[in-house]
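Contents: one structure, followed by commentary.
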Amino acid sequence: MPQELKVNPSGITAANVNLAYGDLGGHKSAQSDVVKAYTQSLLNTVVETWVLLPVDLIHRESSHKKHPCVPLRKALYGHPESGYHWDARFKEIMVSMGGKLDNDHQSNYIFKNGLLLTLYDDVLLSGPEHLHALFWTELQSI
């Protein structure tokens, strides 16, 4: 029996709030893609998922196996539970950086230094312009 897992993605209102905040004096908004987002989290599923490896991912030592099948350990786009596990991992990262989830706008994180981050397909950051570079550097180091 699969887990009942749900993610409440940010809506257009949350993104608009973020962009409006970025329009304030001394603020800016910036967007970034989350490279290989889902695969940054483990797939903590109750029912184990197995996948057939594509030919180009089969090691030469294993080439004698016609259709190698392996357990899926990382969240992968297309798996029904991947979005939830990625969202949980992203929350862990935001909290470790001092972010607090905004209860009024799903997937918005508020930081004490005045930054506001919205997670949707990408990441949208708004707030004091001088804080952006340090934030992106810290996020990339995690």
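For the reader, a short list of remarks on this structure follows.
- Which labelled figure in [x] 26, 17, 15; [y] 32, 20, 13; [z] 36, 17, 12 is semi-axes √(5λ) of the Cα gyration tensor in Å, once derived from the coordinates: [z]
- Q140-A88 pseudo-label distance in nm [points 7 Å out on the Cα-to-Cβ vector]: 3.0
- Number of Lys pairs (Cα under 30 Å; 8 or more positions apart or on different chains) in region 10-136: 17
- Under the simplified labelling scheme, the D33-N113 pair shows an inter-label distance of 2.6 nm, with each label point 7 Å from Cα along Cα→Cβ.
- Proximity of backbone amide H atoms, modeled 1.01 Å from N, is registered between L42 and A75 at under 5 Å, excluding neighbours fewer than 5 places apart on the same chain.
- Tilt relative to the chain, helix 132-141 - C-alpha long axis, 0 to 90 degrees, to 10: 20
- Chain lengthening between A20 and L57 when straightened (0.36 nm per residue, less Cα-Cα): 8.8 nm
- With respect to the chain, whose longest principal axis is taken over its alpha-carbon atoms, helix 12-22 is tilted by about 50°.
- About the Cα centre, charge dipole magnitude for the chain (Lys/Arg +1, Asp/Glu -1 at Cβ), debye: 440
- Between the C-alpha center of region 15-33 and that of region 69-142 there is a gap of 16 Å.
- Remark: spin-label model distance D122-D104 equals 2.6 nm, labels positioned 7 Å along the Cα→Cβ axis.
- Using bins of 5 Å that start at zero, the share of Cα-Cα pairs per bin across region 102-142 amounts to 5, 21, 31, 28, 12, 2, in whole %.
Read the figures in this text as sums done on the coordinates, not as results from a lab. The structure displayed is predicted, hence computed values, not measured ones. Cβ: placed from backbone, ideal geometry, glycine included. Neighbour counts: every protein chain shown.
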